[in-house]
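**Q** This is the structure, below, for whatever I ask next.
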Amino acid sequence: MREVERSRFVMARPPAVHRTLSPEAVVAAEGTFTVTAVEETDTGTLVTAAGPGMSVPLRFESREDGIRYTAEGEVGPFDHLETQVIVTPEENGSRLTMRSTVSLNLPLPFADRIAAWKRGNELERAIEDLAADVPGA
């Protein structure tokens, strides 16, 4: 299992950043999957995300400092996928951080390194898109 993190300063207070963090916005910003269904449940929001040749159920939960999601059940090549989007106050704005742990269920050498590299690119793209969507940022 590998952990990947990306962070960016946003010239907006945390409440403004939090308002842009919906499950649909996070999935769209990452750019790999398209949201095909959203279901509100007692334990959070279940998003079905579709990508090339696969469909992945993602369970989102709101947190005081942002939003967190995990892949549910057997999800294609993933053994584990969990991502946190964290917003912390910083002088004159906020720090937007995305942290993800990923593990692949593939018998390939360096599979987790490859997954972390790809995940890092997704987080970089997502953090740029999410930051750009913050009003006044």
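The values are calculated or read from the model by the stated rules, or taken from the named source; none is laboratory data. What you see is a predicted model; the values in this text were computed from it and never measured. Glycine gets a Cβ as well: all are built from the backbone with ideal geometry, and neighbour counts include every protein chain shown. Quick note on the areas: whole protein, heavy atoms, side chains included, nothing else; ligands and nucleic acids left out. Shrake-Rupley method; radii C 1.70, N 1.55, O 1.52, S 1.80 Å.
**Q** Checking M54 against (1) touching a Gly at 6+ places or on another chain (Cβ under 7 Å); (2) open to solvent by 50 Å² or more (accessible area, probe 1.4 Å); (3) within 30 Å of A12 (Cα to Cα), only one condition comes out false. Which one?
**A** (3)
**Q** On to the next question. For P15, only one of the following conditions fails: (1) free of Cβ contacts under 8 Å to residues at least 12 places away in the same chain; (2) part of a strand (DSSP E or B). What is its number?
**A** The number of the failed condition is (2).
**Q** Tell me, please, whether a residue that is open to solvent by 50 Å² or more (accessible area, probe 1.4 Å), of a type in the set (S, T, N, Q) and at negative phi can be found in the range 74-86. I'd like the intermediate steps shown before the answer.
**A** Keep residues of the range 74-86 that are open to solvent by 50 Å² or more (accessible area, probe 1.4 Å), which gives 74, 76, 79-80.
Filter once more, so that each one left must be of a type in the set (S, T, N, Q): none.
Among the residues of the range 74-86, not one is open to solvent by 50 Å² or more (accessible area, probe 1.4 Å), of a type in the set (S, T, N, Q) and at negative phi, which makes the answer no.
**Q** Across the range 87-110, what is the number of residues that are in contact (Cβ under 8 Å) with a residue 60 or more places away in the chain, open to solvent by 10 Å² or more (accessible area, probe 1.4 Å) and over 15 Å from V134 (Cα atoms)?
**A** Matching residues across the range 87-110 total 4.
**Q** Kindly indicate whether V35 is without any contact (Cβ under 8 Å) to a residue 24 or more places away in the chain, in contact with a strand residue (DSSP E or B) (Cβ under 7 Å, 6 or more places away or on another chain) and closer than 17 Å to E122 by Cβ. If you could, list the steps in order and put the result at the bottom.
**A** Details: without any contact (Cβ under 8 Å) to a residue 24 or more places away in the chain: yes; in contact with a strand residue (DSSP E or B) (Cβ under 7 Å, 6 or more places away or on another chain): yes; closer than 17 Å to E122 by Cβ: yes.
Taking the combined requirement at face value, the residue satisfies it.
**Q** What pairs can you find where one residue is in the range 49-64 and within 12 Å of T34 (Cα to Cα), the other is part of a strand (DSSP E or B) and open to solvent by 50 Å² or more (accessible area, probe 1.4 Å), and their Cβ atoms are less than 9 Å apart, with a gap of 6+ or different chains?
**A** From residues that are within 12 Å of T34 (Cα to Cα), the pairs are A49/T34; A49/T36; A49/S55; A50/T34; A50/T36; G51/T34; S55/T36.
**Q** Taking the range 31-64, which residues are aromatic (F, W, Y) and not in a strand (DSSP E or B)?
**A** Residues of the range 31-64 aromatic (F, W, Y): 33, 60.
Scanning the range 31-64 gives a single hit, F33.
**Q** Still on this structure: For the condition in contact (Cβ under 8 Å) with a residue 12 or more places away in the chain, open to solvent by less than 10 Å² (accessible area, probe 1.4 Å) and small (G, A, S), what is the one hit in A25, A116, A126?
**A** On the way: A25 fails: open to solvent by less than 10 Å² (accessible area, probe 1.4 Å); A116 fails: open to solvent by less than 10 Å² (accessible area, probe 1.4 Å).
Result: A126 is the single residue among A25, A116, A126 that is in contact (Cβ under 8 Å) with a residue 12 or more places away in the chain, open to solvent by less than 10 Å² (accessible area, probe 1.4 Å) and small (G, A, S).
**Q** Hey, can you tell me all the residues within the range 9-22 that are surrounded by fewer than 17 Cβ atoms within 10 Å (Cβ to Cβ) and touching a Lys or Arg at 6+ places or on another chain (Cβ under 8 Å)?
**A** F9 - this is the single residue of the range 9-22 that is surrounded by fewer than 17 Cβ atoms within 10 Å (Cβ to Cβ) and touching a Lys or Arg at 6+ places or on another chain (Cβ under 8 Å).
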